[in-house]
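The values are calculated or read from the model by the stated rules, or taken from the named source; none is laboratory data. Model, not experiment: these values are computed from the prediction. Here the Cβ positions follow ideal geometry from the backbone for every residue, glycine too, while neighbour counts run over all protein chains shown.
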Ligand SMILES: Nc1ncnc2c1ncn2[C@@H]1O[C@H](COP(=O)(O)OP(=O)(O)O)[C@@H](O)[C@H]1O
Ligand SMILES: Nc1ncnc2c1ncn2[C@@H]1O[C@H](COP(=O)(O)OP(=O)(O)O)[C@@H](O)[C@H]1O
Ligand SMILES: [Mg+2]
Ligand SMILES: [Mg+2]
């Protein structure tokens, strides 16, 4: 197995920056461009803020962010043990949101910035979102 | 309890920068000055590289870095499950080292940059180093 | 003056210190420079090598000079 790291944070908005910087620093081991790193940071922010706002509904909880490198791929998994979702597929729809004042674009952005996204969620158990991205440069070399 | 976070990394020199930046971002929640943050980063680097070089002797292993805020104090604990030490007190002596090519100043730096340092170590079990630091600014206000 | 100082302190946490700004500025300048030569997007590792600053430090610096992403209106541009 390649390099990996895991960050566990309290479910607090304060910790968004921490999650973003840690994931981006880990990602920097691959040859990502500066803008790919920015995309990654947006994806992490959205996934972690979903865990804080929706998963734990701003209550106390822990969020686990696992990072792994495997064959020039970055694999990031964000897990919460919050309220979960009955139908995670639906959450991917653009502008789908269960919170009035929000825009429902978080998952849409995650989807467009990452190569592959999988959600696994169960009501009252929690949510796991797995996101994969490789540097564009590598993808070009392979093709 | 105040905010906390935990980072788990593979015992690889590649991950030193990750540990340093994660700890620095976490620490930024307190009013540390730029040079205090730099001091902190040196202390983390020394503790984590000791775990990699001495604890795991460059072999595979995991290092856990726990960070906690409590009453304006930053508490950082670095744990390895490596070879451990028979006499951790001795390790604090300036220029004490068990590796020829090293300078034996890591723990001396940690000691001078942090307010309080405790080592707990057991041969063949591992080593735990706890480091505490508060912003100078806060200490002045209290006195 | 006390109030201005407090305002500056409250709005300029450690994350946007002078040294972080300098690092971010150097990184962005080098990025532009390499990209104008190669007309291709440069990766972070190259920028880090050119300016002799570790990648993680550049990430921290670039993150610090951005406006914090709001939970309700994240930056989408
Ligand atoms: N970690 C999570 N736990 C529970 N529900 C979630 C989680 N992440 C997303 N959701 C659900 O998916 C919806 C869409 O998420 P998203 O696209 O980020 O939009 P928004 O956060 O603006 O509502 C949310 O409104 C919420 O109902
Ligand atoms: N995590 C650790 N596991 C085992 N031994 C350690 C650990 N940290 C420090 N030591 C011991 O303490 C000594 C002094 O450490 P340090 O002051 O950092 O100097 P140096 O790393 O240059 O040897 C090391 O040489 C080693 O014998
Ligand atoms: Mg969202
Ligand atoms: Mg040392």
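Looking at A:64, A:90, A:46, A:58, which is the one that is under 30 Å from residue C:42 (Cβ atoms) and either within 15 Å of ligand 3 (Cβ to nearest atom) or outside any loop (DSSP other than H, G, I, E, B) (or both)? Answer to the selection: A:46. Give the residues of segment A:2-38 that are within 20 Å of residue C:31 (Cα to Cα), touching a residue at least 12 places away in the same chain (Cβ under 8 Å) and over 16 Å from the mean Cα position of the chain (by Cα), sorted by residue number. Residues satisfying the conditions are A:29, A:30, A:31, A:32, A:33.
Taking the criterion of being near ligand 1 (Cβ under 6 Å from one of its atoms) and modelled with pLDDT under 80, the residues of segment A:94-103 that qualify are A:102, A:103. On the basis of being without any contact (Cβ under 8 Å) to a residue 60 or more places away in the chain and closer than 30 Å to residue A:137 by Cβ, does residue A:53 make the cut? Spelling it out, it is not the case that residue A:53 is without any contact (Cβ under 8 Å) to a residue 60 or more places away in the chain and closer than 30 Å to residue A:137 by Cβ.
The numbered conditions (1) in contact with a helix residue (DSSP H, G or I) (Cβ under 9 Å, 6 or more places away or on another chain); (2) within 14 Å of chain C (Cβ to nearest Cβ) are all true for residue B:11 except (2).
Residue B:14 meets all of the listed conditions (1) part of a helix (DSSP H, G or I); (2) within 24 Å of residue B:91 (Cβ to Cβ) but one, namely (2). Between A:139, A:128, the distinction of being under 19 Å from residue A:44 (Cβ atoms) and either within 14 Å of another protein chain (Cβ to nearest Cβ) or at pLDDT 95 or above (or both) belongs to A:128 only.
Within segment B:93-126, the residues that satisfy the criterion of being in a loop (DSSP other than H, G, I, E, B) and touching a strand residue (DSSP E or B) at 6+ places or on another chain (Cβ under 7 Å) are B:114, B:115.
For segment A:103-110, the condition holds for no residue, the condition being that it is surrounded by 21 or more Cβ atoms within 10 Å (Cβ to Cβ), under 17 Å from residue B:3 (Cα atoms), within 14 Å of chain C (Cβ to nearest Cβ) and under 15 Å from the mean Cα position of the chain (by Cα).
Quick check, is residue A:46 within 13 Å of another protein chain (Cβ to nearest Cβ), more than 16 Å from ligand 4 (Cβ to nearest atom), crowded, with 17+ Cβ neighbours inside 10 Å and under 13 Å from the mean Cα position of the chain (by Cα)? When the stated conditions are applied, residue A:46 passes them.
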